[in-house]
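The structure under discussion appears below in the form of structure tokens.
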Amino acid sequence: MSPVGDAYKKKGLIEARHRLEMARLATDSSDWITVDSWETLQPEWVETARVARHYYEELLSAEQNNDDVDTVKYAKKRRKEEKYFKGSSHQKKIGSSHLMLLCGADVLESFGVPNLWKREDIIEILGHYGVVCITRSGSEPHEFIYKSDMLWNYRKNIHVVKEWVTNEISATHVRRAIRRGLSVRYLLPDNVLHYIQEHNLYSAESEQKNAGVVLAPLQRFLSPSSSS
């Protein structure tokens, strides 16, 4: 898990240090989910494709360190890498590891929002890494993929996971309930709920943070005079 940095400028986005700590608390008991701070520590907003590149390089470095003691295995791994690096239509694999973007259907559909994503970033994410998309109630990712020429070209790299037991809980609903003083017990881990209460997060004031500020991905399309 890689929480976005403060420079993303989304309305109501609380400080990264709080979101990072809550993610760590929520995953503390997990033996397979980890949280990393790299993205939150960057002074500027970092595109998702660049974040993927960073973690890919970290995984590659870790694999190389593990394999350096076995030169035969390392040579085979290098040949595999060269094969996967050839052309943007091949996904990047690191030894036995495979880096992919895990997201909800809403993120996949955001690929179609004008100016929100760079075309070359979408191609890199879909072509080099691939996407695992979790369905949400009311979403039709297969239909969206079919209607998008770009996504259709990379459909073999998009793995849609059907959530048979639907869950209508969303971060927006939870924040709204907290803001209105309603109970969210059992919707969040107790340690996360205690952290929110201790730091008085998700208040009416915090919900207005970045109000009127253009979202970071869209700022590059503004003129210098209108982006201030």
Examine region 186-208 for a residue that is in contact (Cβ under 8 Å) with a residue 40 or more places away in the chain, surrounded by 10 or more Cβ atoms within 10 Å (Cβ to Cβ) and charged (D, E, K, R), and state whether such a residue exists. yes
Search result, residues across region 117-172 that are in contact with an Asp or Glu (Cβ under 8 Å, 6 or more places away or on another chain), open to solvent by 50 Å² or more (accessible area, probe 1.4 Å) and of a type in the set (D, E, K, R): Lys118, Arg136
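Would you confirm whether any residue within region 210-217 is touching a Ser or Thr at 6+ places or on another chain (Cβ under 7 Å) and of a type in the set (Val, Ile, Thr)?
yes
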Go through region 92-116 and report how many residues are surrounded by fewer than 18 Cβ atoms within 10 Å (Cβ to Cβ) and either in contact with a Pro (Cβ under 7 Å, 6 or more places away or on another chain) or among the β-branched types (Val, Ile, Thr) (or both). 3
What is the one condition in (1) within 30 Å of Arg50 (Cα to Cα); (2) surrounded by 14 or more Cβ atoms within 10 Å (Cβ to Cβ) that Ala177 does not satisfy? (1)
Go through (1) part of a strand (DSSP E or B); (2) on the phi > 0 side of the Ramachandran plot one by one and return the number of the condition Gly181 breaks. (1)
Which ones in region 1-59 are touching a strand residue (DSSP E or B) at 6+ places or on another chain (Cβ under 9 Å), more than 27 Å from Leu126 (Cα to Cα) and open to solvent by 40 Å² or more (accessible area, probe 1.4 Å)? Ala26
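The values are calculated or read from the model by the stated rules, or taken from the named source; none is laboratory data. These numbers come from a predicted model, not from an experiment. Every residue, glycine as well, gets a Cβ built from its backbone with ideal geometry; the counts of neighbours run over all protein chains shown. For accessibility, only protein heavy atoms count, side chains too; no ligands or nucleic acids. Shrake-Rupley method; radii C 1.70, N 1.55, O 1.52, S 1.80 Å.
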